[in-house]
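The values are calculated or read from the model by the stated rules, or taken from the named source; none is laboratory data. Just so it is clear, the model here is predicted, and its values are computed rather than measured. Glycine gets a Cβ as well: all are built from the backbone with ideal geometry, and neighbour counts include every protein chain shown.
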Amino acid sequence: MSRSGLRIAIDGPSGAGKSTLARALAQELGLRYVDTGAMYRAVAWSAMQAGAESPQEVVAMLSRIELEIDPDPERFRVRVGGVDVTEQLRDPVVGKRASEVAQIPAVRTWLMEAQRAEAGDGAVLEGRDSGTVVLRDADVKIFITAPEHVRMQRRAAQLGNPEVEQVEADIRQRDRRDRQRRASPLRAADDAVIIDTGFEEPAASLRRILDVVAARPR
């Protein structure tokens, strides 16, 4: 069922299931899917390729990045300079660098403009601060959460079950950095609906989100 023009913001911490649910929701509603985290990772990847380490170097590099996405939820891809870098962005080292780059206000402003443009004619926009900053006027705002131990288990599974202790340390560090950063700290928007996915299958969480979308004010 198509919902052209509907803009949905999905936010939440790492490992809560927001990417899985956002893609499924976009597919169900016939909307574009915008993974804002992947866009941050693309900037981080570009910075690593260019050897840009300081915030000043990263900001100076922004004007040279040709970043584009394919917003189809079934085949979401990210390209930099016309080259598909989607798989490279899954590297945990890139993810860690992305969390650092995301603290730079100029980077957030630059990407926010691109993300708003992608969501302009209807989309499910997923990622930290989607509902609090990027799409403050979204038609629907969802904050996906789950208990910390569940998020750690999921994240370990996503990464192929590496050392659990390292996954725990990485998630705690990222949670702390995201919640304490000065630029757009992680939090639920005041008008967001909280969905706890800790003790149910993704299909059940998706049904609850679809109910929220169906019940939105018209």
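Results for (1) part of a helix (DSSP H, G or I); (2) modelled with pLDDT of 70 or more; (3) farther than 22 Å from Arg7 by Cβ, shown as yes or no for each residue.
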| residue | (1), (2), (3) |
| --- | --- |
| Met112 | yes, yes, no |
| Glu118 | yes, yes, no |
| Asp121 | no, yes, no |
| Val150 | yes, yes, yes |
| Arg187 | no, yes, no |
| Ile195 | no, yes, no |
| Leu210 | yes, yes, no |
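Applying the selection to the stretch 71-102, what residues are over 21 Å from Leu21 (Cα atoms), in a loop (DSSP other than H, G, I, E, B) and in contact with a helix residue (DSSP H, G or I) (Cβ under 7 Å, 6 or more places away or on another chain)?
Those that are over 21 Å from Leu21 (Cα atoms), in a loop (DSSP other than H, G, I, E, B) and in contact with a helix residue (DSSP H, G or I) (Cβ under 7 Å, 6 or more places away or on another chain): Val85, Ala102.
Go through (1) under 14 Å from the mean Cα position of the chain (by Cα); (2) among the aliphatic types (A, V, I, L, M); (3) more than 11 Å from Pro73 (Cβ to Cβ) and name the single condition Val34 misses.
Answer for Val34: the failing condition is (3).
Does any residue in the stretch 19-46 that is surrounded by fewer than 23 Cβ atoms within 10 Å (Cβ to Cβ) come within less than 7 Å, Cβ to Cβ, of a residue that is assigned to a helix (DSSP H, G or I) and acidic (Asp, Glu) six or more places away or on a different chain, and which pairs are these?
If the second residue must be assigned to a helix (DSSP H, G or I) and acidic (Asp, Glu), the pairs left are Arg32/Glu118.
Tell me yes or no: at least one residue of the stretch 78-96 is surrounded by 15 or more Cβ atoms within 10 Å (Cβ to Cβ) and among the small types (Gly, Ala, Ser).
For the stretch 78-96, residues surrounded by 15 or more Cβ atoms within 10 Å (Cβ to Cβ) and among the small types (Gly, Ala, Ser): present.
Exactly one condition in (1) among the charged types (D, E, K, R); (2) more than 16 Å from Leu111 (Cβ to Cβ); (3) in contact with a strand residue (DSSP E or B) (Cβ under 9 Å, 6 or more places away or on another chain); (4) not in a loop (DSSP other than H, G, I, E, B) is false for Glu68; which is it?
(2)
List the number of the failed condition for Tyr40; all other conditions in (1) over 30 Å from Val212 (Cα atoms); (2) in contact with a helix residue (DSSP H, G or I) (Cβ under 9 Å, 6 or more places away or on another chain) hold.
That leaves (1) as the condition not met.
Glu57 versus (1) closer than 28 Å to Gly30 by Cα; (2) part of a helix (DSSP H, G or I); (3) among the charged types (D, E, K, R): which is the lone unmet condition?
It is condition (1) that Glu57 fails.
State which residue pairs qualify: first residue without any contact (Cβ under 8 Å) to a residue 40 or more places away in the chain and inside the stretch 112-134, second residue part of a helix (DSSP H, G or I) in any location, beta carbons under 7 Å apart, and separation of 6 or more residues or different chains.
Met112/Val133; Met112/Val134; Arg116/Val134
If you take the residues in the stretch 1-27 that are at pLDDT 95 or above and not aliphatic (A, V, I, L, M), which one is farthest from Val83 (Cα to Cα)?
Filtering first and then ranking leaves Arg7.
Here are the criteria: (1) more than 27 Å from Leu29 (Cα to Cα); (2) modelled with pLDDT under 95. Tell me which single one Arg128 does not satisfy.
Unmet condition: (1).
Failed condition for Ser14, given (1) closer than 30 Å to Glu201 by Cβ; (2) under 13 Å from the mean Cα position of the chain (by Cα); (3) not in a loop (DSSP other than H, G, I, E, B), with all others met?
Tallying (1) closer than 30 Å to Glu201 by Cβ; (2) under 13 Å from the mean Cα position of the chain (by Cα); (3) not in a loop (DSSP other than H, G, I, E, B), Ser14 fails exactly one: (3).
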